[in-house]
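Scroll down for the structure; my scribbles are underneath it.
The values are calculated or read from the model by the stated rules, or taken from the named source; none is laboratory data. What you are looking at is a predicted structure, and each value in this text was computed from that prediction instead of being measured. Glycine also receives a Cβ, built like all others from the backbone with ideal geometry; neighbour counts cover every protein chain displayed.
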Amino acid sequence: MNKEIFVKDITMGRERINDYFIVIKKGIYSTRNNKKFIGLSLRDSTGSIEGKIWDERVERLKARFEENDLVYVESRVESYQGKLQLIVENIKKEEELPPEHMREFFPVSEHSNADLHKNYEDLIKEIRNPYIQSLFSALNSREDIIKRFFLFPASIGVHHTYIGGLIEHSLSVAEMGKKIVDRIGGDVDLIIAGCLLHDIGKIEEMTIRGGFKYSDRGRLLGHITLGVMMLEELVKEIPGFPEAIADILSHIIISHHGVEEWGSPRKPMCIEAIIVHYLDNLDAKVMGVREHMKESMEDEKWTEYHRLYESKFYKTPGNG
């Protein structure tokens, strides 16, 4: 695989775009004249561009790919209502995106991998409870877990949707949790551990096959269930690990979405779980809106409508 043309390079001066992209949106629509077309949004590490498939190609190509697939596109560039788009003539799904090419298709955290590792290690050093320290020693010995923890995004299409997003989000929530203890109380060791572990199941919920997408296991079980299973597996490696600490950390993972309709089978029922829930929600929502502002501005001040948050957002001067 050899990617040559990035979204930032696409101009009206380029007649043909034949290259690899990730499909982030796909839908079948009809014009006012009842003419069917497939609407696409294609991305790489430099941004996204809309695409369309017309005429007889709709039926021929619609089953070849889905959202979050890595595809090879043969297309031409057109301008529509002042925006560039690709008119796709052929599209082929690629089975796998090699890890060494991930950075060509996904944005990367603004923080270096070295800085993220240092922040993570510094936070763990602040934990005083010997059993929770042992828990993170067990976690850090699992290279298969840690590698994905520092690689994966925090979500596929909502917030921290870039390489390193999962660890960046977890660290951000943990840093806020550590600071808020001085103001409102709580067990700082449980809060740091709960913040770092609350989304750990996402490394099983997602896969990088073809690009970041949900795994079969992730769809069936979800990252909350998978996170509790991973925690239980790690706890078994530590002789004499207190059942009460294991239960509280499991409860933090189980309840961090807050309410059942958001995916949590239990509401937060201890101070530490309440703190993790609200800080997780705050960090995810603010970053989700910031990322929406980067890609979906209607004009200089207002974003386009955000379907998940059911609102447009105003860009204040400090968020340029």
- Item | Selected residue [assigned to a helix (DSSP H, G or I), over 19 Å from residue 133 (Cα atoms) and in contact with a His (Cβ under 9 Å, 6 or more places away or on another chain)] from 253, 224, 274 | 224
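Give the residue that is surrounded by the most Cβ atoms within 10 Å (Cβ to Cβ), with candidates limited to residues of the range 29-79 that are among the small types (Gly, Ala, Ser), closer than 21 Å to residue 12 by Cβ and touching a helix residue (DSSP H, G or I) at 6+ places or on another chain (Cβ under 8 Å). Before the answer, list the steps.
If we filter the range 29-79 for residues that are among the small types (Gly, Ala, Ser), which is where we start, we get 30, 39, 41, 45, 47-48, 51, 63, 75, 79.
From what's left, closer than 21 Å to residue 12 by Cβ: 39, 41, 47-48, 51, 75, 79.
Checking which are touching a helix residue (DSSP H, G or I) at 6+ places or on another chain (Cβ under 8 Å) leaves us with 47-48.
Values: 47: 14, 48: 17.
Step by step, filter the range 29-79, then rank; the result is 48.
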- Counting only residues that are in contact with a Phe, Trp or Tyr (Cβ under 8 Å, 6 or more places away or on another chain) and either assigned to a loop (DSSP other than H, G, I, E, B) or under 13 Å from residue 87 (Cα atoms) (or both), how many does the range 20-37 have? 3
- Message: When you check residue 291 against the structure, is it outside any helix (DSSP H, G or I) and either surrounded by 14 or more Cβ atoms within 10 Å (Cβ to Cβ) or touching a residue at least 24 places away in the same chain (Cβ under 8 Å) (or both), yes or no?
- Response: no
- Having 3 or more residues that are out of contact with any Ser or Thr (no Cβ under 9 Å at 6 or more places or on another chain) is the bar; report the helices (runs of 4 or more DSSP H) wholly within the range 116-221 that clear it. 130-140, 143-151, 165-184, 188-197
- Task: Go over the candidates 83, 26 one by one and state the one that is exposed (fewer than 15 other Cβ atoms within 10 Å of the Cβ), at pLDDT below 95, out of contact with any Pro (no Cβ under 7 Å at 6 or more places or on another chain) and within 30 Å of residue 165 (Cα to Cα).
- Result: 83
- Item | Out of 215, 137, 172, sole residue that is modelled with pLDDT of 95 or more and either closer than 23 Å to residue 95 by Cα or buried (at least 20 other Cβ atoms within 10 Å of the Cβ) (or both) | 172
- Do we have any residue at all in the range 310-317 that's closer than 29 Å to residue 194 by Cα, surrounded by 14 or more Cβ atoms within 10 Å (Cβ to Cβ) and not assigned by TED's automatic domain parsing to the domain that holds residue 160? no
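Taking the range 1-23 as the search range and keeping residues that are free of Cβ contacts under 8 Å to residues at least 40 places away in the same chain, of a type outside the set (A, V, I, L, M, F, W, C) and surrounded by 11 or more Cβ atoms within 10 Å (Cβ to Cβ), which one is farthest from residue 158 (Cα to Cα)?
Among them, the one singled out is 9.
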